[in-house]
Amino acid sequence: NEKKKSKGNRSPCSPSRVLHIRQIPNGVTGTEVVSLGLPFGKVTNVLMLRGKGQAFLEMASIDAAVSMVNCYTPAPPHLHNQPVYIQYSNYKELRTDNQHNQARPQAALQGVNAVQHGNLGITNALAAEGGVLPSHGSVLRIIVENVFYPVTLDMLYQIFSKFGFVLKIVMFHKNNQFQALLQYADGMNAYYAKMSLDGYSIYTGCCTLRIDFSKLTNLTVKYNNDKSRDFTRIDLPFGDGQRTVETSLSTPFGKKHSLLMSSDAIYTSLGPSVPPVPGALGPLTITTSAAPGHMAIPGIPGSSVLLVSNLNPEAITPYGLFILFGVYGDVHRVKIMFKKRGIALVQMADATQAQLAINYLNGQRLYGRVMHATLSKYQTIQLPREGQEDKGLTKDYSNSPLHRFKNPCSKNFQNIFPPSATLHLSNIPPSVTVDDLKNLFTSKGSTVKGFKFFQKDCKMALIQLGSVEEAVHALIELHNHDFGENQHLRVSFSKSSI
């Protein structure tokens with residue numbers, strides 16, 4: 001009996017076409033379960049155990065099942081915003097002929113298979129599942145959370161094109177979030193992509209995708225550049241980086257879909273050729289296992305050394321630059337120019353961290369001046385030779401204990417925000433009071449506008465200062481402040497306000 005053998009967490013089994021899915025939330029339909037397997041190949045059977053929150057999914061081949069397990073084991077997929085867990089079953093095939101309560105899942109499977117074979121008339125088959133596919137268009141709204149590494153348009157195309165033809169992409173920032181709108185050739189492609197990628201992280205621990213259906217039915221793109229692209233129009237100008245999004249009440253299917261089907265050459269020249277329906281695919285993202293900080297991302301220049309200029313020579317120090325730039329990556333070396341004290345080189349752990357630091361710190365006021373940060377022509381900072389006059393302006397921090405991102409699973413990856421007037425404080429000893437902390441920041445020249453401890457954790461607090469520049473100075477001065485007894489304050493920028 002399938003149901004009896006689904007109890008408990010069995011030890012790992014040898015690869016099988018049949019997969020056991022656990023911790024399925026109430027209300028999840030058979031179509032949603034089947035959709036988990038679609039990116040990897042044809043799904044040949046499904047068995048829902050609704051009372052137990054479990055299901056069995058049979059793939060057409062062992063290779064497809066292996067690809068699915070390898071992808072979802074390090075990053076479990078989400079159904080109804082809850083993670084579900086997938087492992088090999090002891091069964092080599094599913095027999096559901098005599099199983100009760102399986103009519104709806106089987107109808108859903110037949111409907112999806114009809115789609116996979118090019119038949120878009122799915123409404124009758126899916127009606128038996130209670131209308132599980134809500135009416136939606138072909139445009140997805142994508143929010144990327146915890147953007148520790150830059151996310152490019154080409155990267156989104158590479159990820160999402162595995163679920164069907166991508167017509168257009170528009171990227172923008174809204175509400176301090178990285179967002180994108182992406183239009184598929186038809187709504188089923190959008191549905192597959194949302195089901196498979198919502199909650200998935202492009203990199204381990206960061207760049208997490210939150211996906212929903214957009215109210216827009218069509219995107220109008222005026223420029224093909226690094227922020228917007230219409231893959232059906234190779235004649236569009238590069239433009240000035242500005243782009244517009246317009247709504248169209250026309251159906252997402254029809255002429256544009258026909259245009260796309262007859263424009264295979266466009267896709268061949270612009271990107272990977274993908275089938276219009278998900279087939280057997282490899283990993284869904286650029287990488288799922290490599291630790292952050294050790295990847296080469298297409299389009300990111302190779303230099304990890306920053307040229308930082310327009311610094312205040314009276315106030316800036318190598319340590320100050322190490323602490324500030326260390327909010328956005330691990331700083332290995334800092335060099336303030338001996339003859340031009342307003343210019344410095346900052347060497348990050350890798351090129352992606354260097355780019356992240358530029359994104360957040362270029363144009364930031366520091367000690368009364370607007371700092372400029374860009375990539376340097378140098379690949380590394382040379383330490384001074386023995387006897388060479390330097391006056392302590394070149395420092396090596398490669399083995400510093402203050403690096404925030406040494407651990408690939410660190411929560412610091414999820415808490416990277418632009419400089420703000422509100423600082424997040426952590427590692428506060430129980431003996432330290434509100435007045436102690438206010439006085440500490442005031443002693444460094446800060447104006448304290450607000451303060452509150454976290455209700456659930458009195459080791460953490462928020463402090464709001466008079467300006468962003470004040471907060472930048474305070475972070476440099478007080479991150480790693482020693483309270484005694486080997487307890488050091490941790491300071492970072494917050495996305496919240498008091």
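Could you tell me which residue out of PHE454, HIS481, VAL468 lies farthest along the dipole of the range 417-493 toward its positive end? Charges go on the beta carbon: Lys and Arg +1, Asp and Glu -1, centred on the Cα centre. Positive-end residue among those listed: PHE454. Taking the Cα centre of the range 305-396 as origin and assigning +1 to Lys and Arg Cβ atoms and -1 to Asp and Glu Cβ atoms, the resulting dipole is close to 320 debye. Percent of accessible area on the range 146-242 owned by carbon and sulfur, 1.4 Å probe? Answer for the range 146-242: carbon and sulfur cover 48 percent of the accessible area.
Once all protein chains are placed together, GLU93 keeps about 90 Å² accessible to a 1.4 angstrom probe.
Within the P(r) computed for the range 419-495, what percentage of the Cα pairs occupies the region above 21 Å? That fraction is 15 percent. Each of MET155, MET337 has its accessible area taken with a 1.4 Å probe; listed largest first, they run MET337, MET155.
Please state, as a whole number in µm²/s, the translational diffusion coefficient that the Stokes-Einstein equation yields for the range 361-483 at 25 °C and 0.890 mPa s, with Rh defined as the Kirkwood radius across alpha carbon pairs. Estimated via Stokes-Einstein, D reaches 142 µm²/s.
Take the Cβ atoms of ARG95 and THR73, set R0 to 45 Å, and the FRET efficiency comes out at 0.95.
Of the listed residues CYS206, CYS458, the order by accessible area with a 1.4 Å probe, largest first, is CYS458, CYS206. When the solvent-accessible area of the range 305-396 is split by element, carbon and sulfur atoms take up 47 percent of it, the probe being 1.4 Å. Measuring between alpha carbons in the structure, the pairs from LYS406/LYS459; LYS52/LYS406; LYS174/LYS449 lying more than 29 angstrom apart are LYS52/LYS406. Of all aspartates and glutamates in the structure, those lying under 12 Å Cα to Cα from LYS215, and not within fewer than 8 positions of it along the same chain, are GLU246. Computed on protein heavy atoms with a 1.4 Å probe, the accessible areas place LYS495, LYS168, LYS449 in the order LYS495, LYS449, LYS168, largest first. The number of Lys pairs in the range 305-396 with C-alpha atoms less than 17 Å apart, excluding pairs fewer than 8 positions apart on the same chain, is 7. The accessible area of ARG404, taken with all protein chains in place and a 1.4 Å probe, comes to roughly 40 Å².
The values are calculated or read from the model by the stated rules, or taken from the named source; none is laboratory data. As the structure is a computational prediction, the values presented were derived from the model and not from experiment. Using ideal geometry, Cβ is built from the backbone for each residue, glycine included, and neighbour counts are taken over all protein chains shown. Surface areas here come from the heavy atoms of the whole protein model, side chains and all, with no ligands, DNA or RNA. Shrake-Rupley method; radii C 1.70, N 1.55, O 1.52, S 1.80 Å.
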